[in-house]
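Engineer: To start, I am sharing the structure in question, which I have written as structure tokens.
The values are calculated or read from the model by the stated rules, or taken from the named source; none is laboratory data. From a predicted model like this one, the values you see are computed outputs, not experimental measurements. In this analysis, Cβ positions are derived from the backbone assuming ideal geometry, glycine residues included, and neighbour counts consider all displayed protein chains. These area figures cover heavy atoms from the full protein model, side chains too; ligands, DNA and RNA do not enter into them. Shrake-Rupley method; radii C 1.70, N 1.55, O 1.52, S 1.80 Å.
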Amino acid sequence: MFKFIKNNKHAFCGGLTATLFTGTGVFLLGNVTGYEAKILLESSLSGLNILCNTIVLACATILALLLTVLSVSNSSNNKIKERHYKQVLNIAKFDVILFVLALILFQFFNIPILESESVPTSWYDFIYWSTLAFTSILSGMMITVILMLYNSVTNLISIIGLGKDHPMLSEEEADQMDDD
């Protein structure tokens, strides 16, 4: 786990920064009461649904794009190290986790809690802050996935498109490039 974070520290720093930035913006709103939280939830529910829907669609698209990355990597004339394929696998795993979390939150937003008379008003405060915290985390995770994908694509561009000697290139391939 720590090796995964170390190998993707720039992506995680970007995602953590986004999470903290959006989370700070949310908490600057100050303390709200249960009734205020219910009103704020009503006004933000459509935006939260759109955010989750967008993340779910983006995650599915990224998984499809990873298949293209694998196809390009495999059909390349260069011998790419196993590390590249593990990098793509890690992106896929992280993307699937994000997909599932966004889908669960999306389903949660579709429960008609606001119309229920049996939910105590004091719960709305907790629900409001929880949804804002989770959407901040999801946004940060989405940025992390995008940055991880960016790193993978730039590595491929360096190897295949620009023909540069690269750490993801196997030793035998790098030796052949030096001979040319």
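Engineer: For residues that are in a helix (DSSP H, G or I) and closer than 16 Å to Ile50 by Cα, tally how many sit in the range 106-132.
Structural biologist: Qualifying residue count for the region: 6.
Engineer: Here is a further query. Do you know which of the residues in the range 45-69 that are under 22 Å from Lys93 (Cβ atoms) and over 16 Å from the mean Cα position of the chain (by Cα) is most open to solvent (accessible area, probe 1.4 Å)?
Structural biologist: Looking at residues that are under 22 Å from Lys93 (Cβ atoms) and over 16 Å from the mean Cα position of the chain (by Cα), I get Leu67.
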